[in-house]
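Undergrad: Questions regarding the structure given below will be posed in turn.
Throughout, read-outs are computed from the coordinates displayed, never taken from laboratory work. As the structure is a prediction and not an experimental result, all values here were calculated from the model. When we count neighbours, we look across all protein chains shown, and the Cβ atoms used for this are built from the backbone with ideal geometry, even at glycine.
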Ligand code: NDP
């Protein structure tokens, strides 16, 4: 049994119910196999044994009072996974599906993603099973305040710097920051994704979506192609999806789909971005409203999806951007995408493709950007926000956008050159995992057994 197989077996025995964490671990360990076989230093230092266990894992009660005066209780989490490269860094997710398993998979991915950005950031993740949807402003504020009543003692600008994720946008970060300041009497860079008037960075809101498109552009250019004139399918209609669509238009592509948890839209004339932003960022309503206002659009509710499929991926496209949630693109979806001639998949969401889907993309040798590389633009720009906060400077939109583009190109080159060392130039899963891992592992070795 190889080193990676032994670790996977041990973790599977210990946490058989953590299916998302095990899925992420399996993908990573499989890619690390050639590096770990070639170089025994990692096993000698028990790097994997240490890497798979968070340095610290916190879970806590979050009581709050709803508008009718009733006490509600949610569970909060913060998993501080690895600090070999810098302060723990990673978002907070507020969604009913959140549990320790989901936060662990996200935190584990974050370690290698942050390493790839080349910025000084360790890996962490947090969140709660609270659902901000259909809550009043005051309820969201009270929840955020209660969440911070516990979280504040675990975070700090030099130790752990949370940001947003699903269900946590500028509004929630504002309430969280306000309470942090009240409790600590400190105005510092403890959260990223802050408002532009009080320490936020330009381009942070756009960064994950823009970054995922820059990554696709880099992959296509690697094959002498470009995004110009390409038809794009995008899933999701939140922060990542909206700014993916915006950058796709800027680079000459035509995005034709968007989706939410209730259904999807196909707009053959191209998604009307202003309308999408109004409905999703301002009114926060279902995508079915979009089809009522655009004759060129068709709305398909989730109940009408073909069984076991995500209908977004059945629309013929050249390039695909899964940007909603985990496991939203399975083996059957991948097959249809490939049959329809898709040549590039760049992941905006975290772990959106199942292991079966990934296998097919690798086999077909299309441009496939795994999340930890292709969606690293968000956390990279959070890193730039931390630099601006620390130096009390703020950079212009174009300056940050240019740095983001450079970082995404750098990640692509690092991943593809690393893959080439193993004679697998097109396999960016292998390249990204090994490149991210090497840096973290060597830092852990140099810092001793701690
Ligand atoms: P948002 O909350 O802004 O948007 C999430 C979108 O995904 C919404 O359209 C939502 O629909 C949809 N969605 C959520 N859960 C499901 C589900 N179970 N089935 C179908 N659709 C679903 O989140 P973000 O855009 O910030 O995040 C999207 C993905 O990108 C996540 O995987 C996140 O971890 C990842 N990511 C985000 C980063 C960021 O900077 N924001 C950074 C790196 C990764 P509805 O509106 O109906 O809920």
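Undergrad: Over all pairs of distinct alpha carbons, what does the Kirkwood formula give as the hydrodynamic radius of segment 201-292, in Å? Mind showing how you got there, number by number?
TA: Values: mean 1/r = 0.0744 Å⁻¹.
Its Kirkwood hydrodynamic radius stands at 13.4 Å.
Undergrad: Tell me whether segment 362-450 comes out rounded, prolate or oblate; compute the Cα gyration tensor, take square roots of the eigenvalues as a ≥ b ≥ c, and use a/c under 1.5 as the rounded threshold. Numbers along the way, then the final one.
TA: Details: a/c = 3.01, a/b = 1.34, b/c = 2.25.
It comes out oblate by the Cα gyration axes.
Undergrad: How far apart, in nm, are two points set 7 Å out from the Cα along the Cα-to-Cβ line at residue 41 and at residue 393?
TA: The two pseudo-label positions are separated by 3.4 nm.
Undergrad: Quick one, can you get me the convex hull of the C-alpha atoms of segment 54-187 expressed as volume per residue in Å³? Spell out each step's value before the answer.
TA: Details: hull volume 13.0 nm³, N = 134.
Spelled out: Cα convex hull of segment 54-187, divided by residues, is 97 Å³.
Undergrad: Right, here's the next one. Simple spin-label model, 7 Å along Cα-to-Cβ: residue 131 to residue 356 in nm?
TA: Here the answer is 2.8 nm between the modelled labels.
Undergrad: Now a separate question. 7 Å from Cα along Cα→Cβ at both residue 9 and residue 158: what's the point-to-point distance in nm?
TA: Those two pseudo-labels are separated by 4.5 nm.
Undergrad: Can you tell me how much longer the chain between residue 447 and residue 306 gets when fully stretched, taken as 0.36 nm per residue apart minus their C-alpha distance, in nm with one decimal? Mind dumping the intermediate values first?
TA: Details: separation 141, 0.36 × 141 = 50.76 nm, distance 5.17 nm.
That pair, residue 447 and residue 306, stretches by 45.6 nm at full extension.
Undergrad: From a point 7 Å beyond the Cα of residue 75 in the direction of its Cβ, which residues of segment 118-150 have a backbone N at a distance under 14 Å?
TA: It comes to 127-130, nothing else.
Undergrad: Normalise the Cα radius of gyration of segment 69-124 by 2.2 N^0.38 Å (N = residues in it) and let me know the number.
TA: Details: Rg = 13.4 Å, N = 56, 2.2 N^0.38 = 10.2 Å.
Relative to the rule-of-thumb radius for its length, segment 69-124 sits at 1.32.
Undergrad: Taking R0 as 35 Å, what's the FRET efficiency between residue 402 and residue 365 from their Cβ-Cβ distance, rounded to 0.05?
TA: Numbers: r = 31 Å, r/R0 = 0.89.
The computed FRET efficiency comes out at 0.65.
Undergrad: Using helices alone, what [θ] at 222 nm do you get for the chain, with -39,500 (n - 2.57) per DSSP H run of 4 or more residues, divided over all residues and rounded to the nearest 500?
TA: Helix contribution divided over all residues of the chain: -14500 deg cm²/dmol.
Undergrad: Using a ≥ b ≥ c from the Cα gyration tensor of the chain (square roots of the eigenvalues), is it rounded, prolate or oblate, where a/c under 1.5 gives rounded and otherwise the larger of a/b and b/c decides, a/b for prolate? Please report the intermediate quantities before stating the final value.
TA: Numbers: a/c = 1.40, a/b = 1.01, b/c = 1.38.
Note, shape of the chain comes out rounded.
Undergrad: Note the per residue figure in Å³ for the convex hull of the C-alpha positions in segment 178-229.
TA: Numbers: hull volume 4.7 nm³, N = 52.
So the per-residue Cα hull volume is 90 Å³.
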